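The values are calculated or read from the model by the stated rules, or taken from the named source; none is laboratory data. This one's a predicted model, so the numbers in the text were calculated from it and none came from an experiment. Note that we place each Cβ from the backbone using ideal geometry, even for glycine, and neighbour counts take in every protein chain shown.
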């Protein structure tokens with residue numbers, strides 16, 4: 001028998017019926033046989049046929065129960081079952097379909113009817129398997145794309161971290177350098193005594209401690225949250241501002257955090273991932289403001305404003321800027337992967353990952369729309 005032929009399992013306790021079906025199907029299909037319900041279930045798992053022809057009236061376990069058990073087993077659940085029976089009442093046929101059967105052939109068998117029905121359901125089964133395989137391939141591809149996007153997002157975040165650390169370290173490194181040089185000068189002029197050394201060591205250690213704390217802060221920022229936790233949405237913004245506001249000032253951009261009436265606006269989610277969303281939005285606004293300056297827009301003083309409030313049992317965050325807004329054709333697709341407003345300088349993954357975090361992990365929503373002179377991002381999160 002050719003290995004390319006479909007496999008058909010014939011289950012019937014009557015030798016005459018098995019022999020007749022064998023004569024009808026043997027030239028086209030690989031056949032296997034079972035004489036009762038128990039052996040049919042064993043053969044279904046062992047042989048893995050492409051289709052089962054199943055008698056109803058058998059000793060011990062009837063065909064209905066066999067079909068239900070086949071459908072309950074993940075190994076055999078998708079195998080189509082055609083019932084074969086001398087029972088012609090409508091109730092029997094209804095029971096057959098309710099048990100999981102796909103068709104019903106009445107005895108005595110008609111050769112052409114058996115061939116047509118078997119062939120039809122095998123074609124449908126092949127199409128179903130091909131479709132499932134295609135869907136699985138698409139799911140695997142999407143999962144791989146998601147993993148690549150996550151990795152790219154992490155690399156972009158690391159780049160931001162390195163830039164922020166360099167900026168945070170520049171001043172204490174200069175101060176440390178001056179302290180060391182001053183010790184050499186003090187030695188040359190004879191002023192290097194124990195008191196001077198103690199003072200210099202104290203200043204140097206304070207600078208080193210500050211630099212070490214900076215590294216720890218950024219390490220915590222990059223560390224992914226392992227579980228959902230209750231957190232203050234406003235304090236998450238303050239934490240990000242503490243790390244990155246100096247860089248914004250260097251770019252001539254004012255970050256306006258307008259505190260809510262109370263900081264006790266709590267939500268539940270992954271705090272570090274949410275901070276990554278905040279950073280993505282702030283960076284997006286920063287880049288838009290810098291680009292608007294290059295294009296000659298009159299407002300040279302950039303600003304990013306953040307308001308946090310409670311509305312309809314939700315925490316609502318509104319982040320606005322004066323970066324000139326976004327083209328309408330782009331803003332409608334802003335949160336899709338690889339869609340960027342920055343031309344060749346953008347990756348198009350930051351806002352996509354922001355939506356994945358807010359909507360996929362935190363049961364919230366995120367949107368964007370143009371306002372006068374800029375853009376506004378709105379995040380809503382469940383209020384605890």
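Considering only the stretch 1-12, state which residues are in a loop (DSSP other than H, G, I, E, B) and modelled with pLDDT of 95 or more. Within the stretch 1-12, 12 is the sole residue that qualifies. Within the stretch 334-359, residues that are within 22 Å of residue 228 (Cβ to Cβ) sit with their Cβ atoms under 6 Å from residues that are modelled with pLDDT of 65 or more and assigned to a loop (DSSP other than H, G, I, E, B), at 6+ positions apart or across chains, in these pairs: 352/335; 352/337; 355/335; 358/364. Taking residues in the stretch 292-306 that are assigned by TED's automatic domain parsing to the domain that holds residue 374, and partners anywhere that are part of a loop (DSSP other than H, G, I, E, B) and at pLDDT below 80, the pairs with Cβ atoms closer than 9 Å and at least 6 places apart or on different chains are 292/299; 293/299; 293/300.
Residues that are closer than 26 Å to residue 316 by Cβ, under 22 Å from the mean Cα position of the chain (by Cα), modelled with pLDDT under 85 and in a strand (DSSP E or B) occur at least once in the stretch 218-235. When 323, 364, 346 are checked against the criterion of being modelled with pLDDT under 80 and closer than 28 Å to residue 254 by Cβ, a single residue qualifies: 346. Consider the stretch 92-125 and keep the residues that are outside any helix (DSSP H, G or I) and over 42 Å from the mean Cα position of the chain (by Cα). The one that is farthest from residue 57 (Cα to Cα) is 110.
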